[in-house]
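The values are calculated or read from the model by the stated rules, or taken from the named source; none is laboratory data. What you are looking at is a predicted structure, and each value in this text was computed from that prediction instead of being measured. A quick note on method: Cβ atoms are made from the backbone with ideal geometry, for glycine too, and the neighbour counts reach across all protein chains shown.
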Amino acid sequence: MPYFIYKIGGPFNLLEKQGHADSFKEAKALANVLRRGLDPASGHTIKMIFAENELTAEDVLSQPRELDPSLAGDDY
């Protein structure tokens, strides 16, 4: 399974595929290059995901994540 790299941002958190790689090392290197090129004020982020195909990757990245209650609050 490949790693997919996406740029996420904009008013609707649109997903924009930036590339893919077959190994973690390649994907991480590509993601780091893309992150260095981002303007911090733009509000965009670069995410890397391991998935069977593009559709699965985009589906997982589009789903809101629930906050783990053990990581929230004053104890975190």
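Taking Ser70, is it loosely packed, with under 10 Cβ neighbours inside 10 Å, modelled with pLDDT under 95 and either under 12 Å from the mean Cα position of the chain (by Cα) or not acidic (Asp, Glu) (or both)? Criteria met by Ser70. Among the residues of segment 26-69, the ones that are among the hydrophobic types (A, V, I, L, M, F, W, C) and farther than 15 Å from Phe4 by Cβ come to 4 in all. In segment 1-39, the qualifying residues are those that are assigned to a strand (DSSP E or B) and among the hydroxyl-bearing types (Ser, Thr, Tyr), and the one that is surrounded by the most Cβ atoms within 10 Å (Cβ to Cβ) is Tyr6.
Residue-wise test of (1) under 20 Å from Leu55 (Cβ atoms); (2) polar (S, T, N, Q); (3) under 14 Å from the mean Cα position of the chain (by Cα); (4) at pLDDT below 95.
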residue	(1), (2), (3), (4)
Tyr3	yes, no, yes, no
Gly9	no, no, yes, yes
Phe12	yes, no, no, yes
Gly19	yes, no, yes, no
Ser23	no, yes, no, no
Ala27	yes, no, yes, no
Asn32	no, yes, yes, no
Arg35	no, no, yes, no
Pro40	no, no, no, yes
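Name, by its number, the condition in (1) surrounded by 14 or more Cβ atoms within 10 Å (Cβ to Cβ); (2) under 13 Å from the mean Cα position of the chain (by Cα); (3) of a type in the set (D, E, K, R) that does not hold for Arg65. Arg65 satisfies all of (1) surrounded by 14 or more Cβ atoms within 10 Å (Cβ to Cβ); (2) under 13 Å from the mean Cα position of the chain (by Cα); (3) of a type in the set (D, E, K, R) except (1).
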